[in-house]
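K.L.:
Below you'll find the structure I mean.
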Amino acid sequence: MRASKFFMPTLKENPSEAETPSHIFLLRAGYIRMLAAGIYEYLPLGFRVLKKIENIIRKNMDEAGALELLLPILTPASLWKETGRWDVYGKELFRLKDRNDRDFALGPTHEETITDLVRKTIKSYKDLPYNFYQIQTKFRDEARPRYGLIRGREFIMKDAYSFDISEEEAIKSYEIMKETYHKIFKQLGLDYLMVEADVGAIGGKYSHEFVVKAANGEANIVYCENCGYAANVEAAKFHNAKLPPEEELPIEEVYTPNIKSVEEVAKFLNLPEQKIVKTLIYKLDNQDFVAILIRGDREINETKVANYFKVLDVSLASSEDLEKLGLVEGFVGPININLPIYADKSVEELKNFVVGANKKDYHFKNVNIPRDFQVEGFYDFATAKENDPCPVCKSPLKATRGLEVGHIFLLGTKYSDAMKATFIDKDGKEKPIVMGCYGIGVSRLIAAIVEQSHDENGIIWPEEVAPFDIHILILNTKDEESLKAGEEIYNNLKSIGYDVLLDDRDISAGMKFKDADLIGIPYRIVIGKKLKDGFVEIEKRDKSLKQEIKIEDIQKFFK
Ligand code: ATP
Ligand code: MG
Ligand code: MG
Ligand code: MG
């Protein structure tokens, strides 16, 4: 590509609206422009980076056996109403009406849409498993769109959805995606952490975020360099809580709510029904018990209060019990007691609630923490900080801020139950399909990479995602010899497969250097005064290399 024919409108000054390095440099170097708050245009440079990132993701998803498709952005409200998310989603959902006054939403995510496709096509266990993905524009009317591509209202996501015949198989699909995400983020050259997310939500094992370390990130992460433990501070408030031995339990009152229906449960808990993942009414020794799993939706996590999984009352002691009730152990976590967790309260404030005892048939009410529970290994991540002991191995923790670039989630049957996406199993019974979903913030990744890889002069692209591989600067375009040499090197490098940008513009050498630093292409070849002796300069943007090289040796250097 010849810069004289290319479109890269660089800016000399820092744009006043930009605060973070990625926002500043992506604007200044001509990768993006803003159309309206949280809505960006990808200029040719930005588009090239976007495609490179997409292709790394695509290649790894394909290798993992996922099938690419493309779902509509415009989705009918009827689907959202089936799962209750038309109401639950709130203002973040972009809503609109067609000419006949029918409601639609611009997809912020696509669980409903894909589940509708699957329920219409999948009939038997023989038709499963599947993992479908798409790379597509998403819409969320974020309360605070900011930092450029980091939090947009229109942004690009890779979203995948797996469909399996059982929890066990779904976990396998989940694990494959987890491995695939590691491959993707490594290939993107990122310094990232996989963190426990929504630990309460699905037992820690079943939801993970991939977080890029970045000073401007909105996620607070603690991690242990010794054992690899890492958690999102907000999501991991109650990790490892443990009951004291039964004989030491100081609470005497036993309480059994006698509730028979989801509606009653919802009323009892004073919660909208949609928040109840699973309600199980069961009988033990002729008594009715209720096990209730409640959580905030993935999408309303931001609302804080809904950020935590709330288990009011589970008194299941053994994994056998769990199995009997169709739950896997992961659903109630590694501990056999589940505390109601309220996001805005610290542990000292938790008062007068009901918990299941670590024993069949027993429940305790008026439980206060820490009065009634010793919580060995308990860790309040809401106040987690550097050097606190790791909850797993006790080594001092590190703390960092991070950008969430990926999120994987075992959904279970939440959507398939609500939308009746079922299949006929081997035993002839009709069962709900077990789902997982897996997101990557593709456009946010552009910014995340820049947050991690820049200096005071501009971007330093990792080779895998750079818009071009090599940047040739002809310092004096009035000099015929320089022009000729530039053209020759350019054509040679292109012929051996490199993406090359040739700066043949009639502007000062100083401006060319400034732009090259801003744009951040990994290799630079400078055609200057030494040309008369047959030499040009070759250097790397990250400053790890700077040397003179004979023109005839260039091809060998890059081979
Ligand atoms: P966040 O916590 O940053 O609001 P989220 O948890 O709401 O993100 P998910 O629903 O998990 O997001 O979506 C999958 C991925 O999409 C996220 O991990 C993130 O990388 C990306 N993403 C989410 N919201 C935005 C946004 N407004 N702009 C750009 N990327 C986003
Ligand atoms: Mg969000
Ligand atoms: Mg999040
Ligand atoms: Mg998320």
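K.L.:
Counting just the residues of the stretch 399-443 that are of a type in the set (Val, Ile, Thr) and away from ligand 2 (no atom under 16 Å from the Cβ), which one comes out surrounded by the most Cβ atoms within 10 Å (Cβ to Cβ)?
P.N.:
Going through the stretch 399-443, the residues of a type in the set (Val, Ile, Thr) turn out to be 400, 405, 408, 413, 422, 424, 433-434, 440, 442.
Cutting the leftovers down to away from ligand 2 (no atom under 16 Å from the Cβ) gives us 400, 413, 422, 424, 433-434.
Values: THR400: 19, THR413: 19, THR422: 17, ILE424: 15, ILE433: 28, VAL434: 25.
Restricting to residues being of a type in the set (Val, Ile, Thr) and away from ligand 2 (no atom under 16 Å from the Cβ), the top hit is ILE433.
K.L.:
Taking the stretch 124-140 as the region of interest, how many residues are more than 11 Å from ligand 2 (Cβ to nearest atom) and either part of a strand (DSSP E or B) or at pLDDT below 95 (or both)? Spell out the reasoning first.
P.N.:
Step one: list which residues in the stretch 124-140 are more than 11 Å from ligand 2 (Cβ to nearest atom), which gives 124-137, 139.
Keeping just the survivors that are either part of a strand (DSSP E or B) or at pLDDT below 95 (or both) gives 124, 130-137, 139.
The number of residues fulfilling the criteria is 10.
K.L.:
Please find, within the stretch 433-486, the residue that is farthest from ligand 4 (Cβ to nearest atom) out of those that are in a strand (DSSP E or B) and closer than 20 Å to MET157 by Cβ.
P.N.:
Of the stretch 433-486, the ones in a strand (DSSP E or B) are 434-441, 454-455, 458-459, 470-474.
Still in the list and also closer than 20 Å to MET157 by Cβ: 435-441.
Working: MET435: 16, GLY436: 14, CYS437: 10, TYR438: 11, GLY439: 7, ILE440: 10, GLY441: 9 Å.
Among those residues, the one meeting the criterion is MET435.
K.L.:
Now a separate question. Counting only residues that are over 28 Å from SER22 (Cα atoms), give me the strands (runs of 3 or more DSSP E) lying completely in the stretch 499-557 with at least 2 of them. First the steps, then the outcome.
P.N.:
Values: elements: 500-503, 523-527, 535-540, 546-550.
Per the criteria, 535-540, 546-550.
K.L.:
How many of the residues making up the stretch 143-158 are within 14 Å of ligand 3 (Cβ to nearest atom) and either within 16 Å of the chain's Cα centre (by Cα) or under 27 Å from ALA66 (Cα atoms) (or both)?
P.N.:
Of the stretch 143-158, the ones within 14 Å of ligand 3 (Cβ to nearest atom) are 143-144, 150-151, 155, 157.
From what's left, either within 16 Å of the chain's Cα centre (by Cα) or under 27 Å from ALA66 (Cα atoms) (or both): 150-151, 155, 157.
Residues flagged as within 14 Å of ligand 3 (Cβ to nearest atom) and either within 16 Å of the chain's Cα centre (by Cα) or under 27 Å from ALA66 (Cα atoms) (or both) within the stretch 143-158 amount to 4.
K.L.:
Turning to a different aspect of this structure: Out of curiosity, is PHE163 of a type in the set (Phe, Trp, Tyr) and away from ligand 1 (no atom under 15 Å from the Cβ)? Show your work before the answer.
P.N.:
Working: of a type in the set (Phe, Trp, Tyr): yes; away from ligand 1 (no atom under 15 Å from the Cβ): yes.
Spelling it out, PHE163 is indeed of a type in the set (Phe, Trp, Tyr) and away from ligand 1 (no atom under 15 Å from the Cβ).
The values are calculated or read from the model by the stated rules, or taken from the named source; none is laboratory data. As the structure is a prediction and not an experimental result, all values here were calculated from the model. Glycine also receives a Cβ, built like all others from the backbone with ideal geometry; neighbour counts cover every protein chain displayed.
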